[in-house]
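Notes to accompany the following structure.
Values quoted throughout were computed directly from the atomic coordinates according to the rules given, and no laboratory measurement underlies them. Not measured: the values here are computed from a predicted model. Cβ sites come from the backbone with ideal geometry, for glycine too, and all protein chains shown count toward neighbours.
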Amino acid sequence: MKILAISCSPSRGRNSDTMLDSFILGMREVSGIEVEKIYLEDVHINSYRFENSKDPEEGEKDFKKLVSKIANDISGLVIATPTYNFSVPAHLKNFIDRIRFIALDLTQRNKFGQPVGKLHNLKTYFLVSGGTPNWAEHILFFAFPAFWLRALFLYFGAKVMGAFYSGDIRTFENKKILDKCFKKGKKYAIRVLKGNSQGMLENIFFRPPTRD
Ligand SMILES: Cc1cc2nc3c(=O)[nH]c(=O)nc-3n(C[C@H](O)[C@H](O)[C@H](O)COP(=O)(O)O)c2cc1C
């Protein structure tokens with residue numbers, strides 16, 4: 001089974017990127033799992049506009065390959081990102097805006113009048129770094145990317161297996177947090193392999209609108 005791990009911080013080797021590396025080491029402990037890591041920064045993606053809303057444009061070869069991979073080839077998607085201004089870096093936000101055509105079926109509506117998600121085969125996990133201490137992130141969880149990303153990918157029809165936040169600005173050298181990422185990566189890969197359903201939290205708090 002193939003899992004794609006996307007590192008979305010412009011700062012390579014720093015916090016979220018290192019969390020992802022440990023998570024990948026954990027995933028690679030599980031046989032039957034193939035992991036590919038990419039840096040989103042390496043993929044040229046034009047800004048969303050109406051004209052490119054249904055397909056990649058000329059000159060977006062890597063983006064075209066990436067969306068085809070997400071739509072057809074992979075079972076797992078791991079996104080690692082820092083928190084930037086209560087949100088994510090602009091390139092990740094733009095990537096999410098641009099994958100709308102593979103993520104949503106705009107010809108169908110659910111009972112809330114919303115488009116129907118198409119990423120049913122994806123089991124997702126999110127690793128998030130931030131400058132806010134963990135205790136404060138727990139209270140203000142709705143103002144952080146882990147909350148938004150989970151809700152968003154449920155809307156896109158994907159399964160959400162969980163998210164992990166680190167508020168240590170020196171996470172890249174924090175062995176305790178990186179060990180946790182390793183363990184979480186291994187657990188996630190086992191769940192992808194076994195076809196387990198999404199996490200308890202997601203079932204309770206993030207129930208997406210279902211089809212009629
Ligand atoms: C432009 C910018 C905006 C930021 N905004 C937030 C924020 O809203 N909340 C937060 O907790 N941390 C914020 N931070 C801190 C980063 O999320 C934090 O340093 C993180 O560990 C960086 O991760 P990275 O090393 O993976 O890039 C911000 C940092 C930058 C550079």
The range 80-212: antiparallel bridges as % of DSSP beta bridges, rounded to 5, reads 30 percent
GNM of the chain, Cα pairs under 10 angstrom: of 149, 127, 25, the biggest fluctuation goes to 25
The simple spin-label model distance between residue 179 and residue 39, using points 7 Å out along Cα→Cβ, in nm, is 3.0 nm
Contact order relative to length for the range 2-205, counting C-alpha pairs under 8 Å separated by 6 or more residues, stands in percent at 29 percent
Per the 1/(1 + (r/R0)^6) rule, R0 = 41 Å and r from the Cβ atoms of residue 12 and residue 50, FRET efficiency to 0.05 is 0.75
Farthest towards the positive end of the dipole of the chain, among 116, 46, 68 and with Cβ unit charges of +1 on Lys and Arg and -1 on Asp and Glu, lies the Cα of 116
For residue 5, other-chain or 5+-apart residues with amide H closer than 5 Å (H placed, Pro excluded) are 36, 37, 38, 78
Short to long, in 5 Å steps from zero, the percent of alpha-carbon pairs of the range 66-188 per bin is 2, 10, 19, 21, 20, 14, 9, 3, 1, 0
Spelling it out for residue 105: with amide H atoms placed in the peptide plane at 1.01 Å from N, the residues 5 or more places away or on another chain with amide H under 5 Å from its amide H are 116, 117, 118
Taking the square root of 5λ for each eigenvalue of the C-alpha gyration tensor of the chain, the equivalent ellipsoid has semi-axes, largest first and in whole angstrom, of 25, 20, 18
Residues whose built amide H sits under 5 Å from the amide H of residue 124, excluding neighbours closer than 5 in sequence, are 77, 159, 160, 161
Here the averaged projected area of the range 64-118, based on the convex hull of its alpha-carbon atoms and given in nm², is 5.1 nm²
Toy charge model, Lys and Arg Cβ at +1, Asp and Glu Cβ at -1: the chain dipole around Cα centroid in debye, rounded to 20, equals 700 debye
For residue 111, the lysines lying under 21 Å Cα to Cα, once residues fewer than eight places off in the same chain are dropped, come out as 159
Computed for the range 61-102: size of charge dipole around the Cα centre, +1 on C-beta of each Lys and Arg, -1 on C-beta of each Asp and Glu, debye to nearest 20, value 160 debye
